[in-house]
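Remarks on the structure that follows.
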Amino acid sequence: MTINNHIQLAIWIHRSRHVQGDTDRVKSIIPDQYDFYFKIFLPIIFENEDSGQSRKVTYEELATLGKTPFDESFCLHSIPDFITPFLTSSAIEDYAALEKIISILGVETPVIFHGVGEENAPKVFADPWIIEGGLSKLSDVVKALNKNAKMELVHFPNYIFPMDKNWCLGNLIPQSNLFLLGCNATIAQELRNQTELEVMELSTDALYFEFPTLT
């Protein structure tokens, strides 16, 4: 796996996304050139302290439990405080979700993995970087990014895209537990048909993330 700091192949993303105004809109992360956009939630685990058992839950279930609207901006920060102490993530479940994403987007698809620079990650990822390779290498890239992490996965590539730019998977908010995807009709239908990933279809103008209110 060769890490390259010459990121010209990824510059098109930063030139194409809308960086003026709100930074929590879909179009501020993913270039506004795709027919369909989705928010993909990474798995979340609910731990029952009384029983000592844990289970994977959906964000929609958590919204219902917290009597909170499950709207386009729903995210970790939308979950009421009385629920959050019982929530955690699982590297095993995260890797399973990544494998499902790989299967939908194409295991052998040649892609660019791109990061804008990470704090608390291995030194080689401190500056903007790219890695070229097949999408099947996503788990290996994530493992390398999280080499210094204790238990949970906290680092992911900020962008992944094929050379033909037919789709773009992105996330610029650390530990947000979600990705955004711009894609074509074929991939969109596969996301709608599957049940392993929790997804929400959005418009490019959607407010996809709720930042916590500063007090």
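The values are calculated or read from the model by the stated rules, or taken from the named source; none is laboratory data. What you see is a predicted model; the values in this text were computed from it and never measured. Cβ sites come from the backbone with ideal geometry, for glycine too, and all protein chains shown count toward neighbours.
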Sort through 63, 91 and tell me the only one that's of a type in the set (A, V, I, L, M, F, W, C), under 23 Å from residue 151 (Cα atoms) and touching a residue at least 12 places away in the same chain (Cβ under 8 Å). 91
State whether the residues of the range 142-164 include one that is at pLDDT 95 or above, within 30 Å of residue 69 (Cα to Cα) and surrounded by fewer than 18 Cβ atoms within 10 Å (Cβ to Cβ). no
Can you tell me which of 139, 90 is closer than 26 Å to residue 192 by Cα, crowded, with 18+ Cβ neighbours inside 10 Å and among the polar types (S, T, N, Q)? 90
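Residues are listed down the side, and each one gets a yes or a no for (1) within 16 Å of residue 212 (Cβ to Cβ); (2) without any contact (Cβ under 8 Å) to a residue 24 or more places away in the chain:
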residue	(1), (2)
42	no, no
53	no, yes
58	no, no
68	yes, yes
Return the pair list, or none, for Cβ contacts closer than 7 Å from residues in the range 203-215 that are part of a loop (DSSP other than H, G, I, E, B) to residues that are acidic (Asp, Glu) and modelled with pLDDT of 80 or more, at least 6 apart or on different chains. 204/32; 206/72; 208/24; 208/72; 209/24; 211/24
Matching residues in the range 8-21 (in contact (Cβ under 8 Å) with a residue 24 or more places away in the chain, out of contact with any Asp or Glu (no Cβ under 9 Å at 6 or more places or on another chain) and of a type outside the set (Gly, Ala, Ser)) number 2
Residue under evaluation residue 37, criteria (1) touching a strand residue (DSSP E or B) at 6+ places or on another chain (Cβ under 7 Å); (2) surrounded by 15 or more Cβ atoms within 10 Å (Cβ to Cβ); (3) more than 27 Å from residue 128 (Cα to Cα); (4) of a type outside the set (Gly, Ala, Ser), criterion not met: (3)
Given the conditions (1) surrounded by 22 or more Cβ atoms within 10 Å (Cβ to Cβ); (2) touching a Cys at 6+ places or on another chain (Cβ under 7 Å), which single one is not true for residue 111? (2)
Among residues of the range 117-159 being charged (D, E, K, R) and either in contact with a strand residue (DSSP E or B) (Cβ under 9 Å, 6 or more places away or on another chain) or touching a residue at least 24 places away in the same chain (Cβ under 8 Å) (or both), the residue nearest to residue 177 (Cα to Cα) is 152
Filtering strands (runs of 3 or more DSSP E) wholly in the range 1-114 for at least 3 residues that are among the aromatic types (Phe, Trp, Tyr) gives 36-41
